[in-house]
Amino acid sequence: MQKTIIFAFQGNPLCFIHVLLNALNMANQGMEGKIILEGEAVRLVPEMAQADHFLHNLYSKVKEKGLLVGACQACSRKMGVAEAVSAEGIPLIGEMAGHPAMAEYMKQGYTVMTL
């Protein structure tokens, strides 16, 4: 099975929609597509958690399917959303000076994409 992990850095919702769509598309095609939130993208969590946000339905589907691995611990704290991210059940990860390490996923056979 092809395994891809998307490290999403962009905080622009019109860019981030493609992260959600591609992860769901990979899953629907029998591939493993996972997401890690990094940089400004962590700010989107409390917004997408609101039922009236235009990304809420896609975000909910991604969460339900277990495609959201976690969010950067350091960036979530720096951006002031660590509590909101945790409240959404998204693990804060940061084995590399508070940030998720791409090498850990490469060792597990993932292709790493950054968006």
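The values are calculated or read from the model by the stated rules, or taken from the named source; none is laboratory data. All values derive from a computational prediction rather than experimental measurement. Protein only, heavy atoms only, side chains kept; ligands, DNA and RNA dropped before computing areas. Shrake-Rupley method; radii C 1.70, N 1.55, O 1.52, S 1.80 Å.
Excluding ligands, DNA and RNA, the accessible surface per residue across the chain is 52 Å² with a 1.4 Å probe.
Here's how it looks for G33: its modeled amide H is under 5 Å from those of T4, A27, which are all 5 or more places away or on a different chain. State the percent of C-alpha pairs, over all pairs in the range 2-66, separated by a distance greater than 20 angstrom. Counting every Cα pair in the range 2-66, those more than 20 Å apart make up 19 percent.
Can you send over the solvent-accessible area of L14, 1.4 Å probe, protein chains only, in Å² to the nearest 10? That residue has around 120 Å² of solvent-accessible surface. For the chain, the Cα gyration tensor yields ellipsoid semi-axes of 20, 18, 11 Å (square root of five times each eigenvalue, largest first, whole Å). Of the accessible area of the chain, computed with a 1.4 Å probe over protein heavy atoms only, carbon and sulfur atoms account for 51 percent. Of all lysines in the structure, those lying under 25 Å Cα to Cα from K65, and not within fewer than 8 positions of it along the same chain, are K3, K34, K107.
Note that the range 69-75 has calculated 3J(HN,Hα) couplings of 5, x, 10, 4, 5, 5, 5 Hz, one per residue in order, obtained from phi through the Karplus relation 6.51 cos²θ - 1.76 cosθ + 1.60 (θ = phi - 60°); glycine and proline are x. Database remark: amide H of I93 closer than 5 angstrom to the amide H of A71, C72, Q73 (H placed geometrically; neighbours at sequence offset of 5 or more, or on other chains; Pro and chain starts carry no H).
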